[in-house]
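First up is the structure itself, then whatever we jot down about it.
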Amino acid sequence: MSADVIEVENLTKVYPDGTRAVQDVSFRVGRGEVFGFLGPKGAGKSTTIKVLITLLERTAGEARVLGLDTERDADAIRRRIGYAAQEVGVDDDLTGRENLWLQGQLYHLPTLVLKQRIDDLLTLLNLTEDADRPAGAYSGGMRKRLDLALDVLAELRRDDERYMLYVKSTMPWEHWWIWKLAAERAHYEAAAHRIQRDPLLSGGVVFDQPGPDVPAWLRRVGFVLSTSDDESFHVAPAEGMASRAVPVLRHWPGAETIYDMRWIHRGPAEMAAAVTALADEGDWRAAGDDAHAQAAAAFNLARVCKAWHGLLTTDLDPAVPDPILELLGSG
(Lines give C-alpha, C1' and ligand atoms only; values in the text may rest on other atoms or scores of the structure.)
Protein backbone atom coordinates (compact mmCIF):
# COMPACT_ATOMS: atom_id res chain seq x y z
CA MET A 1 0.00 0.00 0.00
CA SER A 2 1.30 3.47 -0.89
CA ALA A 3 2.47 5.74 1.93
CA ASP A 4 0.45 8.52 0.27
CA VAL A 5 -3.29 8.63 0.96
CA ILE A 6 -3.89 11.30 -1.69
CA GLU A 7 -2.06 11.42 -5.02
CA VAL A 8 -2.75 14.14 -7.59
CA GLU A 9 -0.75 14.27 -10.82
CA ASN A 10 -1.16 16.96 -13.49
CA LEU A 11 -4.84 17.42 -12.62
CA THR A 12 -6.79 19.63 -15.00
CA LYS A 13 -10.50 20.49 -14.92
CA VAL A 14 -12.24 22.48 -17.65
CA TYR A 15 -15.97 23.13 -17.30
CA PRO A 16 -18.34 22.85 -20.31
CA ASP A 17 -18.44 26.64 -20.70
CA GLY A 18 -14.67 26.67 -21.22
CA THR A 19 -13.72 27.83 -17.72
CA ARG A 20 -10.35 26.31 -16.81
CA ALA A 21 -10.80 25.89 -13.07
CA VAL A 22 -7.72 23.72 -12.42
CA GLN A 23 -4.58 23.62 -14.54
CA ASP A 24 -1.89 20.94 -14.19
CA VAL A 25 -1.96 20.61 -10.36
CA SER A 26 0.18 17.96 -8.64
CA PHE A 27 0.65 17.13 -4.94
CA ARG A 28 0.71 14.22 -2.50
CA VAL A 29 -0.54 13.83 1.07
CA GLY A 30 1.16 11.24 3.26
CA ARG A 31 -0.52 8.93 5.74
CA GLY A 32 -1.00 10.78 9.04
CA GLU A 33 -0.07 14.14 7.52
CA VAL A 34 -2.06 17.34 8.19
CA PHE A 35 -2.12 19.07 4.81
CA GLY A 36 -3.18 22.68 4.22
CA PHE A 37 -4.46 23.31 0.69
CA LEU A 38 -4.12 27.08 0.26
CA GLY A 39 -4.70 29.51 -2.58
CA PRO A 40 -6.58 32.70 -3.52
CA LYS A 41 -10.24 32.68 -4.42
CA GLY A 42 -10.79 31.28 -7.88
CA ALA A 43 -7.57 29.26 -7.85
CA GLY A 44 -9.45 25.95 -8.07
CA LYS A 45 -9.25 24.67 -4.50
CA SER A 46 -12.91 23.65 -4.25
CA THR A 47 -12.87 22.09 -7.71
CA THR A 48 -9.83 19.99 -6.81
CA ILE A 49 -11.48 18.80 -3.59
CA LYS A 50 -14.67 17.90 -5.47
CA VAL A 51 -12.63 15.76 -7.85
CA LEU A 52 -10.98 14.01 -4.89
CA ILE A 53 -14.31 13.22 -3.20
CA THR A 54 -15.73 11.97 -6.52
CA LEU A 55 -18.28 14.74 -7.05
CA LEU A 56 -16.61 15.93 -10.28
CA GLU A 57 -14.87 14.12 -13.11
CA ARG A 58 -11.46 15.41 -14.13
CA THR A 59 -10.63 16.60 -17.65
CA ALA A 60 -7.05 15.34 -17.58
CA GLY A 61 -4.44 14.02 -15.17
CA GLU A 62 -4.67 11.47 -12.35
CA ALA A 63 -6.28 11.56 -8.90
CA ARG A 64 -6.19 8.74 -6.34
CA VAL A 65 -7.45 8.50 -2.76
CA LEU A 66 -6.26 5.58 -0.61
CA GLY A 67 -4.79 4.12 -3.77
CA LEU A 68 -8.16 4.18 -5.55
CA ASP A 69 -8.91 6.09 -8.73
CA THR A 70 -11.50 8.84 -8.17
CA GLU A 71 -13.47 7.84 -11.27
CA ARG A 72 -13.06 4.08 -11.62
CA ASP A 73 -13.37 3.45 -7.86
CA ALA A 74 -15.73 6.26 -6.84
CA ASP A 75 -18.09 4.06 -4.80
CA ALA A 76 -15.25 2.47 -2.85
CA ILE A 77 -13.76 5.89 -2.06
CA ARG A 78 -17.07 7.26 -0.80
CA ARG A 79 -17.39 4.37 1.65
CA ARG A 80 -13.99 5.16 3.14
CA ILE A 81 -13.78 8.95 3.42
CA GLY A 82 -15.48 11.81 5.22
CA TYR A 83 -15.99 15.36 3.97
CA ALA A 84 -16.84 18.58 5.85
CA ALA A 85 -18.20 20.97 3.23
CA GLN A 86 -17.71 24.73 3.25
CA GLU A 87 -21.41 25.16 2.45
CA VAL A 88 -24.10 24.66 5.05
CA GLY A 89 -25.14 21.02 4.73
CA VAL A 90 -28.67 21.21 6.10
CA ASP A 91 -32.12 20.58 4.66
CA ASP A 92 -33.93 23.92 4.78
CA ASP A 93 -37.35 22.23 4.86
CA LEU A 94 -36.50 20.33 8.06
CA THR A 95 -36.28 21.91 11.50
CA GLY A 96 -32.96 22.24 13.26
CA ARG A 97 -33.86 19.33 15.51
CA GLU A 98 -34.91 17.18 12.53
CA ASN A 99 -31.64 17.91 10.73
CA LEU A 100 -29.66 16.74 13.75
CA TRP A 101 -31.87 13.66 14.08
CA LEU A 102 -31.28 12.80 10.41
CA GLN A 103 -27.50 13.09 10.78
CA GLY A 104 -27.55 10.92 13.89
CA GLN A 105 -29.57 8.24 12.15
CA LEU A 106 -27.13 8.22 9.23
CA TYR A 107 -24.44 7.35 11.77
CA HIS A 108 -26.67 4.69 13.38
CA LEU A 109 -26.62 6.29 16.84
CA PRO A 110 -28.91 4.61 19.41
CA THR A 111 -32.16 6.53 19.89
CA LEU A 112 -31.60 7.48 23.54
CA VAL A 113 -28.01 8.54 22.91
CA LEU A 114 -29.04 10.57 19.86
CA LYS A 115 -31.82 12.38 21.73
CA GLN A 116 -29.44 13.39 24.51
CA ARG A 117 -26.76 14.56 22.09
CA ILE A 118 -29.28 16.65 20.17
CA ASP A 119 -30.44 18.35 23.37
CA ASP A 120 -26.82 18.97 24.39
CA LEU A 121 -25.93 20.47 21.00
CA LEU A 122 -28.97 22.73 20.87
CA THR A 123 -28.13 24.03 24.34
CA LEU A 124 -24.47 24.53 23.46
CA LEU A 125 -25.33 26.49 20.30
CA ASN A 126 -28.10 28.56 21.95
CA LEU A 127 -30.64 27.13 19.50
CA THR A 128 -33.09 25.59 21.95
CA GLU A 129 -35.79 28.21 21.27
CA ASP A 130 -35.38 27.87 17.48
CA ALA A 131 -34.91 24.09 17.37
CA ASP A 132 -38.35 23.43 15.90
CA ARG A 133 -38.28 26.15 13.24
CA PRO A 134 -37.43 25.22 9.62
CA ALA A 135 -33.70 25.60 9.07
CA GLY A 136 -34.40 27.75 6.01
CA ALA A 137 -35.88 30.39 8.32
CA TYR A 138 -32.65 30.81 10.30
CA SER A 139 -30.72 34.06 10.01
CA GLY A 140 -28.80 34.51 6.76
CA GLY A 141 -25.73 36.30 8.08
CA MET A 142 -23.74 35.58 4.95
CA ARG A 143 -26.17 37.40 2.67
CA LYS A 144 -25.78 40.62 4.70
CA ARG A 145 -22.38 41.19 3.16
CA LEU A 146 -23.72 42.91 0.06
CA ASP A 147 -26.40 45.14 1.56
CA LEU A 148 -24.11 46.38 4.34
CA ALA A 149 -21.31 47.00 1.85
CA LEU A 150 -23.82 49.10 -0.12
CA ASP A 151 -24.58 51.03 3.07
CA VAL A 152 -20.87 51.83 3.44
CA LEU A 153 -20.62 52.93 -0.19
CA ALA A 154 -23.68 55.17 0.10
CA GLU A 155 -22.18 56.88 3.15
CA LEU A 156 -18.95 57.51 1.24
CA ARG A 157 -20.55 58.77 -1.97
CA ARG A 158 -22.63 61.36 -0.15
CA ASP A 159 -19.43 63.42 -0.01
CA ASP A 160 -17.34 62.03 -2.87
CA GLU A 161 -18.75 60.19 -5.88
CA ARG A 162 -15.32 58.86 -6.82
CA TYR A 163 -15.63 56.02 -4.30
CA MET A 164 -16.39 52.66 -5.93
CA LEU A 165 -17.33 49.24 -4.57
CA TYR A 166 -15.72 46.27 -6.32
CA VAL A 167 -17.28 42.87 -5.65
CA LYS A 168 -15.16 39.92 -6.78
CA SER A 169 -17.37 36.88 -6.47
CA THR A 170 -19.47 34.34 -8.26
CA MET A 171 -23.08 35.38 -8.63
CA PRO A 172 -25.56 34.03 -6.04
CA TRP A 173 -27.62 32.17 -8.67
CA GLU A 174 -24.54 30.05 -9.37
CA HIS A 175 -24.95 28.47 -5.92
CA TRP A 176 -28.09 26.33 -5.96
CA TRP A 177 -28.23 25.96 -2.17
CA ILE A 178 -28.62 29.76 -1.93
CA TRP A 179 -30.71 30.51 -4.99
CA LYS A 180 -33.33 27.87 -4.25
CA LEU A 181 -34.45 29.88 -1.19
CA ALA A 182 -37.11 32.48 -1.91
CA ALA A 183 -35.82 34.76 0.86
CA GLU A 184 -32.31 34.71 -0.59
CA ARG A 185 -33.53 35.47 -4.10
CA ALA A 186 -35.65 38.34 -2.79
CA HIS A 187 -32.66 39.72 -0.90
CA TYR A 188 -30.39 39.84 -3.95
CA GLU A 189 -33.13 41.12 -6.21
CA ALA A 190 -33.73 43.97 -3.78
CA ALA A 191 -29.99 44.72 -3.69
CA ALA A 192 -29.83 44.80 -7.50
CA HIS A 193 -32.87 47.11 -7.63
CA ARG A 194 -31.23 49.39 -5.05
CA ILE A 195 -27.99 49.60 -7.04
CA GLN A 196 -29.91 50.58 -10.18
CA ARG A 197 -32.27 53.11 -8.58
CA ASP A 198 -30.34 54.71 -5.71
CA PRO A 199 -28.59 57.84 -7.07
CA LEU A 200 -25.82 57.38 -4.50
CA LEU A 201 -25.06 53.88 -5.79
CA SER A 202 -25.81 54.09 -9.52
CA GLY A 203 -22.56 53.61 -11.43
CA GLY A 204 -20.66 52.95 -8.22
CA VAL A 205 -20.69 49.14 -8.05
CA VAL A 206 -18.58 46.83 -10.21
CA PHE A 207 -18.96 43.03 -10.16
CA ASP A 208 -15.75 41.24 -11.09
CA GLN A 209 -15.64 37.54 -11.96
CA PRO A 210 -13.58 35.30 -9.68
CA GLY A 211 -10.35 33.92 -11.04
CA PRO A 212 -6.65 33.37 -10.43
CA ASP A 213 -5.88 37.12 -10.64
CA VAL A 214 -6.90 37.78 -7.02
CA PRO A 215 -3.43 38.88 -5.80
CA ALA A 216 -3.15 41.49 -8.57
CA TRP A 217 -6.77 42.54 -8.00
CA LEU A 218 -6.17 43.07 -4.29
CA ARG A 219 -3.14 45.25 -4.99
CA ARG A 220 -5.39 47.58 -6.99
CA VAL A 221 -8.02 48.16 -4.28
CA GLY A 222 -7.56 50.66 -1.48
CA PHE A 223 -9.66 49.01 1.22
CA VAL A 224 -11.00 45.48 1.78
CA LEU A 225 -14.40 45.26 3.50
CA SER A 226 -15.80 42.55 5.75
CA THR A 227 -19.46 43.22 6.57
CA SER A 228 -20.87 39.90 7.80
CA ASP A 229 -22.68 39.36 11.09
CA ASP A 230 -20.77 36.16 11.71
CA GLU A 231 -17.66 35.76 9.57
CA SER A 232 -16.66 32.14 9.12
CA PHE A 233 -13.90 32.68 6.61
CA HIS A 234 -11.14 35.18 7.38
CA VAL A 235 -8.92 34.84 4.33
CA ALA A 236 -10.20 37.85 2.33
CA PRO A 237 -9.25 40.57 4.89
CA ALA A 238 -5.90 38.89 5.55
CA GLU A 239 -5.16 38.60 1.81
CA GLY A 240 -6.03 42.27 1.42
CA MET A 241 -3.69 43.21 4.26
CA ALA A 242 -0.89 41.16 2.68
CA SER A 243 -1.40 43.24 -0.48
CA ARG A 244 -1.35 46.50 1.54
CA ALA A 245 -5.10 47.14 1.25
CA VAL A 246 -6.46 48.64 4.47
CA PRO A 247 -8.95 46.29 6.22
CA VAL A 248 -12.31 47.74 7.27
CA LEU A 249 -14.22 45.17 9.30
CA ARG A 250 -17.67 45.30 10.82
CA HIS A 251 -17.38 43.60 14.17
CA TRP A 252 -18.36 39.95 14.40
CA PRO A 253 -17.88 37.71 17.43
CA GLY A 254 -14.22 36.80 17.67
CA ALA A 255 -12.92 39.44 15.23
CA GLU A 256 -10.79 40.99 17.95
CA THR A 257 -8.99 37.66 18.46
CA ILE A 258 -7.69 37.83 14.88
CA TYR A 259 -7.41 41.50 13.92
CA ASP A 260 -6.20 44.70 15.58
CA MET A 261 -9.09 46.71 17.04
CA ARG A 262 -7.89 49.59 14.86
CA TRP A 263 -9.52 47.89 11.86
CA ILE A 264 -12.80 46.84 13.58
CA HIS A 265 -15.89 49.07 13.58
CA ARG A 266 -19.49 48.87 14.82
CA GLY A 267 -21.47 49.50 11.66
CA PRO A 268 -21.56 50.98 8.14
CA ALA A 269 -21.37 54.63 9.22
CA GLU A 270 -18.31 53.99 11.38
CA MET A 271 -16.73 51.93 8.59
CA ALA A 272 -17.24 54.77 6.10
CA ALA A 273 -15.73 57.25 8.56
CA ALA A 274 -12.66 55.02 8.86
CA VAL A 275 -12.23 55.11 5.08
CA THR A 276 -12.60 58.90 4.77
CA ALA A 277 -10.17 59.39 7.67
CA LEU A 278 -7.49 57.98 5.35
CA ALA A 279 -8.31 60.22 2.37
CA ASP A 280 -4.76 61.59 2.39
CA GLU A 281 -2.60 59.29 0.27
CA GLY A 282 0.28 59.37 2.75
CA ASP A 283 -1.99 58.33 5.62
CA TRP A 284 -3.55 55.57 3.52
CA ARG A 285 -0.17 54.19 2.48
CA ALA A 286 1.05 54.25 6.08
CA ALA A 287 -2.07 52.36 7.22
CA GLY A 288 -1.59 49.85 4.39
CA ASP A 289 2.02 49.30 5.47
CA ASP A 290 0.86 48.73 9.06
CA ALA A 291 -1.76 46.22 7.88
CA HIS A 292 0.83 44.43 5.74
CA ALA A 293 3.24 44.17 8.66
CA GLN A 294 0.50 42.79 10.92
CA ALA A 295 -0.51 40.17 8.35
CA ALA A 296 3.10 39.14 7.81
CA ALA A 297 3.60 38.71 11.58
CA ALA A 298 0.27 37.03 12.34
CA PHE A 299 0.08 34.65 9.39
CA ASN A 300 3.67 33.62 8.77
CA LEU A 301 4.09 29.91 8.07
CA ALA A 302 5.82 28.97 11.31
CA ARG A 303 3.18 30.65 13.46
CA VAL A 304 0.28 29.18 11.48
CA CYS A 305 1.76 25.67 11.74
CA LYS A 306 2.23 26.09 15.49
CA ALA A 307 -1.36 27.30 15.89
CA TRP A 308 -2.73 24.33 13.92
CA HIS A 309 -0.65 21.93 16.02
CA GLY A 310 -2.11 23.47 19.17
CA LEU A 311 -5.66 23.27 17.87
CA LEU A 312 -5.25 19.61 17.02
CA THR A 313 -3.50 18.55 20.24
CA THR A 314 -4.62 20.90 23.04
CA ASP A 315 -7.88 21.46 24.93
CA LEU A 316 -8.63 25.18 24.49
CA ASP A 317 -10.79 27.55 26.51
CA PRO A 318 -13.24 29.83 24.63
CA ALA A 319 -11.30 32.86 23.38
CA VAL A 320 -13.97 35.52 23.96
CA PRO A 321 -17.19 34.72 25.87
CA ASP A 322 -19.05 37.83 24.72
CA PRO A 323 -18.65 40.28 21.83
CA ILE A 324 -16.91 43.55 22.68
CA LEU A 325 -18.90 45.72 20.29
CA GLU A 326 -22.61 46.05 19.65
CA LEU A 327 -23.59 45.07 16.12
CA LEU A 328 -25.15 47.93 14.15
CA GLY A 329 -26.82 47.77 10.76
CA SER A 330 -27.86 44.14 11.15
CA GLY A 331 -31.62 44.62 10.99
Candidates Lys50, Lys13 - the one that is surrounded by 15 or more Cβ atoms within 10 Å (Cβ to Cβ), within 30 Å of His309 (Cβ to Cβ) and among the basic types (Lys, Arg) | Lys50
Exactly one of Ala272, Ala291, Ala255, Ala297 is in contact with a Lys or Arg (Cβ under 9 Å, 6 or more places away or on another chain), within 29 Å of Gly39 (Cα to Cα), crowded, with 18+ Cβ neighbours inside 10 Å and among the small types (Gly, Ala, Ser), and that residue is Ala291
Taking the options Ala43, Ala21, Ala3, name whichever one is among the small types (Gly, Ala, Ser) and loosely packed, with under 14 Cβ neighbours inside 10 Å.
-> Ala3
Scan Glu57, Glu62, Glu33 and give me the residue that is over 23 Å from the mean Cα position of the chain (by Cα) and either under 26 Å from Cys305 (Cβ atoms) or at pLDDT below 90 (or both).
-> Glu33
Within the range 72-92, work out how many residues are exposed (fewer than 15 other Cβ atoms within 10 Å of the Cβ), among the acidic types (Asp, Glu) and either touching a Cys at 6+ places or on another chain (Cβ under 6 Å) or at pLDDT below 80 (or both).
-> 2
Among (1) more than 29 Å from Pro172 (Cα to Cα); (2) at pLDDT 90 or above, the one test that Lys50 misses | (1)
Only listed residue being part of a helix (DSSP H, G or I) and more than 25 Å from Ser228 (Cβ to Cβ), chosen from Gly288, Gly282 | Gly282
Subset of the range 143-161 (residues that are over 19 Å from the mean Cα position of the chain (by Cα) and either among the acidic types (Asp, Glu) or outside any helix (DSSP H, G or I) (or both)) | Asp151, Glu155, Arg158, Asp159, Asp160, Glu161
Do we have Val320 as of a type in the set (A, V, I, L, M, F, W, C), surrounded by 11 or more Cβ atoms within 10 Å (Cβ to Cβ) and modelled with pLDDT under 80 here?
-> yes
Here are some conditions: (1) surrounded by 19 or more Cβ atoms within 10 Å (Cβ to Cβ); (2) free of Cβ contacts under 8 Å to residues at least 40 places away in the same chain. Asp280 meets all but one. Which one does it not meet?
-> (1)
Selected residue (criterion: nearest to the chain's Cα centre (by Cα)) from residues of the range 36-47 that are under 22 Å from Trp308 (Cα atoms) and in a loop (DSSP other than H, G, I, E, B) = Lys41
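The values are calculated or read from the model by the stated rules, or taken from the named source; none is laboratory data. Please read all numbers here as calculations on a predicted model, not as lab measurements. Positions of Cβ are backbone-derived with ideal geometry, glycine not excepted, and every protein chain shown enters the neighbour counts.
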